[in-house]
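Undergrad: This structure is in structure tokens; I'll ask about it shortly.
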Amino acid sequence: KAGVTQTPRYLIKTRGQQVTLSCSPISGHRSVSWYQQTPGQGLQFLFEYFSETQRNKGNFPGRFSGRQFSNSRSEMNVSTLELGDSALYLCASSLVSKNTEAFFGQGTRLTVV
Amino acid sequence: AQSVTQPDIHITVSEGASLELRCNYSYGATPYLFWYVQSPGQGLQLLLKYFSGDTLVQGIKGFEAEFKRSQSSFNLRKPSVHWSDAAEYFCAVAELTSGGSYIPTFGRGTSLIVHP
């Protein structure tokens with residue numbers, strides 16, 4: 001069974017641009033969560049989707065948005081990139097609706113220059 | 001608000017030695033507790049979790065953790081460390097949100113270094 005797949009693995013963007021990251025959950029998983037990991041702030045929750053609905057949202061500015069499609073694949077978008085958005089963005093999926101056992105992808109390393 | 005403290009930023013052990021990684025949490029009700037491991041360039045892998053029942057939880061890769069409510073701790077242990085255990089370890093606590101799911105709050109992590 002394939003794991004959580006995140007694309008692309010690495011990305012370099014210029015300040016002010018926007019970026020879209022993709023996450024394909026494990027087959028059958030309907031819950032998808034996104035996290036930002038930085039050396040300064042650690043792992044921080046961005047948002048969680050279940051059956052195409054955002055169920056929970058972390059404390060990030062509106063520049064960060066996401067969505068989930070009917071096949072459970074998810075995308076997150078960051079507009080007007082700032083240098084501080086450079087981070088490892090991790091996606092996790094869960095079979096259990098309450099998200100008590102999350103499986104993480106390898107992440108997308110975003111560098112903003 | 002829930003929070004997690006991992007007091008040790010780095011821990012160095014010799015291969016074959018025992019290991020204990022500390023985790024203290026702050027949460028009002030009964031928490032869902034997790035330990036994850038992250039190898040360089042990889043995502044997080046769930047080692048074990050606890051919600052209720054036996055306070056000693058067995059996980060994958062020979063790890064175990066003990067929940068101590070009186071100390072608000074959930075320490076991770078392994079009797080004999082292997083070189084492949086070198087990685088970053090994260091403790092997390094989760095509460096049930098109004099959205100109906102558990103969203104973990106992570107500690108800052110403990111980096112485990114294993115000497116041959």
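The values are calculated or read from the model by the stated rules, or taken from the named source; none is laboratory data. What you are looking at is a predicted structure, and each value in this text was computed from that prediction instead of being measured. Here the Cβ positions follow ideal geometry from the backbone for every residue, glycine too, while neighbour counts run over all protein chains shown.
Undergrad: B:K49: within 14 Å of chain A (Cβ to nearest Cβ) and basic (K, R), yes or no?
TA: Considered against the rule, which asks whether it is within 14 Å of chain A (Cβ to nearest Cβ) and basic (K, R), B:K49 comes out as yes.
Undergrad: OK, next. For residues in segment B:91-108 being facing chain A (nearest Cβ under 7 Å) and touching a Leu at 6+ places or on another chain (Cβ under 8 Å), which is nearest to B:V4 (Cα to Cα)?
TA: As a first pass, look at segment B:91-108 and keep what is facing chain A (nearest Cβ under 7 Å): B:97, B:99-103, B:106, B:108.
Narrowing the set further to residues that are touching a Leu at 6+ places or on another chain (Cβ under 8 Å) leaves B:102, B:106.
Values: B:Y102: 15, B:F106: 6 Å.
The extreme case among them is B:F106.
Undergrad: For segment B:1-12: of the residues being assigned to a strand (DSSP E or B) and of a type in the set (A, V, I, L, M), which is farthest from the chain's Cα centre (by Cα)?
TA: Out of the qualifying residues, it is B:I11.
Undergrad: Among the strands (runs of 3 or more DSSP E) confined wholly to segment A:1-62, which include 2 or more residues that are free of Cβ contacts under 8 Å to residues at least 24 places away in the same chain?
TA: On the way: elements: A:5-7, A:10-13, A:19-24, A:31-38, A:42-50, A:53-57.
In segment A:1-62, A:42-50, A:53-57 are the strands (runs of 3 or more DSSP E) which contain 2 or more residues that are free of Cβ contacts under 8 Å to residues at least 24 places away in the same chain.
Undergrad: So for segment B:71-78 (the condition being surrounded by fewer than 16 Cβ atoms within 10 Å (Cβ to Cβ), more than 14 Å from chain A (Cβ to nearest Cβ), of a type outside the set (K, R) and touching a residue at least 60 places away in the same chain (Cβ under 8 Å)), does at least one residue qualify?
TA: No, that holds for no residue.
Undergrad: Related question: Being at pLDDT 95 or above and under 24 Å from B:S98 (Cβ atoms) is the filter; apply it to segment A:73-103 and report the residue that is surrounded by the fewest Cβ atoms within 10 Å (Cβ to Cβ). Outline the logic, then answer.
TA: From segment A:73-103, those at pLDDT 95 or above are A:73-93; that's our starting set.
Filter again for under 24 Å from B:S98 (Cβ atoms), leaving A:74, A:76, A:90-93.
Details: A:S74: 25, A:M76: 23, A:L90: 25, A:C91: 30, A:A92: 27, A:S93: 28.
Here the residue is A:M76.
Undergrad: Let me ask another. Kindly indicate the residue of segment B:1-12 that is among the hydroxyl-bearing types (S, T, Y) and within 30 Å of B:S101 (Cα to Cα) and also modelled with the lowest pLDDT among those meeting that condition. Outline the logic, then answer.
TA: In the first step, residues of segment B:1-12 are kept if they are among the hydroxyl-bearing types (S, T, Y); the result is B:3, B:5, B:12.
Those still in the list that are within 30 Å of B:S101 (Cα to Cα) too: B:3, B:5.
Working: B:S3: 90, B:T5: 96.
Checking each candidate, the answer is B:S3.
Undergrad: I would also like to ask the following. Say whether the condition of being touching a helix residue (DSSP H, G or I) at 6+ places or on another chain (Cβ under 6 Å) and more than 9 Å from chain B (Cβ to nearest Cβ) is met by at least one residue in segment A:53-72.
TA: First pass over segment A:53-72, keeping only residues touching a helix residue (DSSP H, G or I) at 6+ places or on another chain (Cβ under 6 Å): none.
No, segment A:53-72 contains no residue that is touching a helix residue (DSSP H, G or I) at 6+ places or on another chain (Cβ under 6 Å) and more than 9 Å from chain B (Cβ to nearest Cβ).
Undergrad: Could you check B:I113 against (1) of a type in the set (A, V, I, L, M, F, W, C); (2) away from every other protein chain (no Cβ under 13 Å); (3) surrounded by 15 or more Cβ atoms within 10 Å (Cβ to Cβ); (4) more than 23 Å from A:G58 (Cβ to Cβ) and say which number it fails?
TA: All conditions pass for B:I113, except number (3).
Undergrad: Among what's in segment A:40-72 and is under 21 Å from A:A102 (Cα atoms) and small (G, A, S), pick the residue that is surrounded by the fewest Cβ atoms within 10 Å (Cβ to Cβ).
TA: Taking the candidates together, the pick is A:S70.
Undergrad: Which ones in segment B:23-38 are within 17 Å of B:D85 (Cβ to Cβ) and facing another protein chain (nearest Cβ under 10 Å)? Full working, then the answer.
TA: From segment B:23-38, those within 17 Å of B:D85 (Cβ to Cβ) are B:23, B:35-38; that's our starting set.
Residues satisfying the conditions are B:Y36, B:Q38.
Undergrad: Could you give every pair whose Cβ atoms fall below 8 Å, whose first residue belongs to segment B:1-19 and is over 18 Å from A:Q44 (Cα atoms), and whose second residue is modelled with pLDDT under 95 and in a loop (DSSP other than H, G, I, E, B), counting only separations of at least 6 or pairs across chains?
TA: Final answer for the pair search is B:S14/B:P116; B:E15/B:P116.
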